[in-house]
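Quick note: the coordinates plus some simple rules give every number you see, no bench work behind them. Nothing here was measured: the structure is a model prediction, and the numbers come from that model. No Cβ is skipped: glycine too gets one built from the backbone with ideal geometry, and neighbour counts run over all protein chains shown.
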Amino acid sequence: MVKTLTRRETFADRLAALREKAGLSQYRLSQLAGLSKQTLSRLESGAVEPAWRTVQAMAAALGVEVNDFVTGPVEPVEAPAVKRPGRPRKAV
């Protein structure tokens, strides 16, 4: 079953989720997609809607299909376990 955008989930939400899943900052994605950081920020905030060419450039930079902006789940990103330096703690 394909999940489509809900009323509450917008293109801007999907863009931010896909960018975070890829581990990219707004600045880095804007560089890869050939956009200004301000433009990408406005797209993620929902202040503007993208042109088709912009959607294609962002999909290529993120390594996803253009359909991923409107369909399919974005898997949550799990933070990697932090390994602290030093001696291991005693087992209790």
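Key figures
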item	result
In order through region 61-66: 3J(HN,Hα) via Karplus (6.51 cos²θ - 1.76 cosθ + 1.60), integer Hz, x for Gly, Pro	5, 8, x, 10, 7, 4
Lys/Arg +1, Asp/Glu -1 at C-beta; region 11-68 dipole; positive extreme among Tyr27, Ala47, Ala57	Tyr27
³J(HN,Hα), Karplus 6.51/-1.76/1.60, whole Hz, each residue of region 29-39, x for Gly, Pro	4, 4, 5, 5, 8, x, 10, 7, 4, 4, 5
FRET efficiency estimate (nearest 0.05) - Cβ-Cβ, Ala60 to Gln38, R0 22 angstrom	0.60
Stretch gain in nm, segment Arg28-Ala51, where the contour uses 0.36 nm per residue and the Cα spacing is subtracted	6.3 nm
Three-way shape call for region 11-68 based on the alpha-carbon gyration tensor, with the a/c threshold at 1.5	rounded
Total formal charge among the other residues, if their Cβ is under 10 angstrom from that of Ala12, Lys/Arg +1 and Asp/Glu -1	-2
